[in-house]
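Visitor: Sharing a structure here in structure tokens format.
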Amino acid sequence: MNNQKQQKPTLSGQRFKTRKRDEKERFDPTQFQDCIIQGLTETGSDLEAVAKFLDASGAKLDYRRYAETLFDILVAGGMLAPGGTLADDMMRTDVCVFAAQEDLETMQAFAQVFNKLIRRYKYLEKGFEDEVKKLLLFLKGFSESERNKLAMLTGILLANGTLNASILNSLYNENLVKEGVSAAFAVKLFKSWINEKDINAVAASLRKVNMDNRLMELFPANKQSVEHFTKYFTDAGLKELSEYVRNQQTIGARKELQKELQEQMSRGDPFKDIIIYVKEEMKKNNISEQTVIGIVWSSVMSTVEWNKKEELVAEQAIKHLKQYSPLLAAFTTQGQSELTLLLKIQEYCYDNIHFMKAFQKIVVLFYKAEVLSEEPILKWYKDAHLAKGKSVFLEQMKKFVEWLKNAEEESESETEEGD
């Protein structure tokens, strides 16, 4: 009887053949490049054929691994070295963005090639976004014509959603900004983007990535003014972009003004100092008095905790607003500003139900304090009021308006007798 244990077979050193169809072909970037360039050369300049070739090649070639090489070839005709130059000893193709005609129609056709490729191979989205960010950093290494083509293509791809507006961060690179490359590129980019969509769609995309307030950073610090931006882009034929940035700047300035105003009021700063500050901001940011009176009114009304009882809030409001009348009067020097204030009071009293019965008392107080005059009040009563709470507020104002009309008639007859 054999007591020796039978040896178990081992797998060490044994090799198993794999079927050819199960093998995944491995490529280094150079081999991958050669395959793509050869295929593009065979398709020629027919971009429909190019799209079909790229679609079919994704099943055989490792797009996931060599996404950067693939996009380098499609944009520049070959693999790019750091800085954006093509290596001399590498194969290259003329079937690429940089070798194409410099016009919008051609770039729209190329955009379709990228769209189809990325729709077919969704995993290329991130790689393509990274590629565009890199290309934007390489702008100085490209010719002016190449930059123009890339700008048009990028604008089209932003418009159709293939690219996210966050890629524009690359344009804020210090060297690109300093040498004026970013601003010049942005002109071509925004022209093609707005041509595909409109300024509202562009604005929405910029807002999504918090880029709507950063466009002035396309210029060096000493040129980051609304005036410079407006002139540069208006002269380049982008008036709608200039107006958008001007409006954004004004909105930002208004928010900042309201915030600072509330802080000054809560500190109890003298009205004289507050008025000087507000007037300086108005001049600096080109903010109208009508806009400012609305900001001052809402700031004044937000500095106090209002009583929830209707019978007490009117008395509290009159006391509070009497204190702030000199501040409000400083910004109702025009009839239109007075009318704006009246509409703001009407809106506030309607939106805050405890103030519904206080409207007339507030208006009378402001009349006595010379914040409001009779002409804007009469205009408001006749046809310039809002629909909000209209019947309630007109009824409240009826007797006071009659008194104003009578006072006005008496004043006119006295003037005639004096003549």
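Visitor: For L80, which sequence-distant residues (separation of 5 or more, or a different chain) have an amide H within less than 5 Å of its own amide H, given hydrogens modelled in the peptide plane?
Guide: HN-HN under 5 Å from L80: empty list.
Visitor: Let me ask something else about it. Kindly provide the pair-distance distribution of the stretch 142-185 built from C-alpha pairs, with 10 Å bins from 0 and whole-percent values in order of increasing distance.
Guide: Final binned percentages: 27, 54, 19, 0.
Visitor: Ignoring ligands, DNA and RNA, please state the percent of accessible area on the stretch 299-419 from carbon and sulfur, probe 1.4 Å.
Guide: On the way: 3400 of 7030 Å².
Looking at the stretch 299-419 in its full context, I get 48 percent from C and S.
Visitor: Under a Cβ-Cβ cut-off of 15 Å, what is the net charge of the residues other than E311 that fall near it, where Lys and Arg count +1 and Asp and Glu count -1?
Guide: Here the charged neighbours net out to +3.
Visitor: While we're looking at this one, here's another question. Run through all the Cα pairs of the stretch 286-419 and give the fraction in each 5 Å bin from 0, expressed as whole percent.
Guide: 2, 10, 20, 23, 20, 13, 6, 3, 2, 1, 0
Visitor: Do any of K379/K405; K272/K361; K126/K208; K344/K388; K319/K382; K52/K122 go past 20 Å between their Cα atoms, and which? Don't jump to the answer; show the numbers that get you there.
Guide: On the way: K379/K405 11 Å; K272/K361 26 Å; K126/K208 18 Å; K344/K388 11 Å; K319/K382 29 Å; K52/K122 16 Å.
Check vs 20 Å cut-off fails for K272/K361; K319/K382.
Visitor: By how many degrees, between 0 and 90 and to the nearest 10, does the Cα long axis of helix 390-418 differ from the longest principal axis of the chain?
Guide: 50 degrees
Visitor: Oh, and also: Counting only chymotrypsin sites (Phe, Trp or Tyr not before Pro) that are in a DSSP loop and have at most 15 other C-beta atoms within 10 Å, tell me the longest site-free stretch of the chain.
Guide: Numbers: sites that count: F16, Y123, W306.
Maximal segment without exposed cleavage sites: 124-305.
Visitor: How much length, in nm to one decimal, is gained on full extension between K368 and R267, taken as 0.36 nm per residue of separation minus their Cα-Cα distance? Each step should come with its number before you reach the end.
Guide: Details: separation 101, 0.36 × 101 = 36.36 nm, distance 2.74 nm.
That works out to 33.6 nm of additional length.
Visitor: Quick one, what does Rg over Rh come out to for the chain if you take C-alpha atoms and the Kirkwood Rh? Before the final figure, lay out each step's value.
Guide: Details: Rg = 34.5 Å, Rh = 27.4 Å.
Dividing the radius of gyration by the Kirkwood radius yields 1.26.
Visitor: How far, in degrees from 0 to 90, does helix 271-285 lean away from the longest principal axis of the Cα atoms of the chain, to the nearest 10?
Guide: Result, in degrees: 40.
Visitor: Would you mind getting the accessible area per residue of the chain, heavy atoms of the protein chains only, 1.4 Å probe, in Å²? Each step should come with its number before you reach the end.
Guide: Numbers: 23850 Å² over 419 residues.
I get 57 Å² per residue for the chain.
Visitor: Let me ask another. Using alpha carbons only, how many degrees (0 to 90, rounded to 10) separate the axis of helix 335-351 from the longest principal axis of the chain?
Guide: 80 degrees
Visitor: Would you mind computing the Rg to Rh ratio of the stretch 176-310 from its alpha-carbon coordinates, Kirkwood style for Rh?
Guide: Rg/Rh for the stretch 176-310 comes to 1.10.
Visitor: Please work out the FRET efficiency for the pair K390 and D55, using the Cβ-Cβ distance as r and a Förster radius of 60 Å; give the result to the nearest 0.05.
Guide: Working: r = 64 Å, r/R0 = 1.06.
Computed FRET efficiency for K390 and D55: 0.40.
Visitor: At K178 and I318, where each label point lies 7 Å from the Cα along Cα→Cβ, what is the point-to-point distance in nanometres?
Guide: Rounded to a tenth, the inter-label distance reads 6.6 nm.
Visitor: Relative contact order for the chain: what percent, with Cα pairs under 8 Å and sequence separation of 6 or more?
Guide: So the answer I get is 8 percent.
Visitor: Under a point-charge model restricted to the Cβ atoms of Lys and Arg (+1) and Asp and Glu (-1), what is the dipole moment magnitude of the chain relative to its Cα centre, in debye to the nearest 20? Intermediate results must be reported in sequence, preceding the final value.
Guide: Values: 58 positive and 63 negative charges, 628 e Å.
Taking the Cα centre of the chain as origin, the dipole is about 3020 debye.
Visitor: Moving to a separate point now. Counting only protein heavy atoms and using a 1.4 Å probe, what share of the accessible area of the stretch 224-264 belongs to carbon plus sulfur, as a whole percent?
Guide: Values: 1050 of 2250 Å².
The value for the stretch 224-264 is 47 percent carbon and sulfur by accessible area.
Visitor: Right, something else. What distance in nm separates the two pseudo spin-label positions at T303 and Q224, each 7 Å out from Cα along the beta-carbon direction?
Guide: 3.2 nm
Visitor: Whenever you get a sec, compute what percent of the accessible area on the stretch 79-173 sits on carbon and sulfur atoms (1.4 Å probe).
Guide: Details: 2000 of 4180 Å².
Here carbon and sulfur together make up 48 percent of the probe-accessible area.
The values are calculated or read from the model by the stated rules, or taken from the named source; none is laboratory data. Quick caveat, the model's predicted, so the values are computed rather than measured. Please note: Cβ atoms are built from the backbone with ideal geometry, for glycine as well, and neighbour counts cover all protein chains shown. Accessible surface is based on the protein model in full, side chains and every heavy atom, while ligands, DNA and RNA are left aside. Shrake-Rupley method; radii C 1.70, N 1.55, O 1.52, S 1.80 Å.
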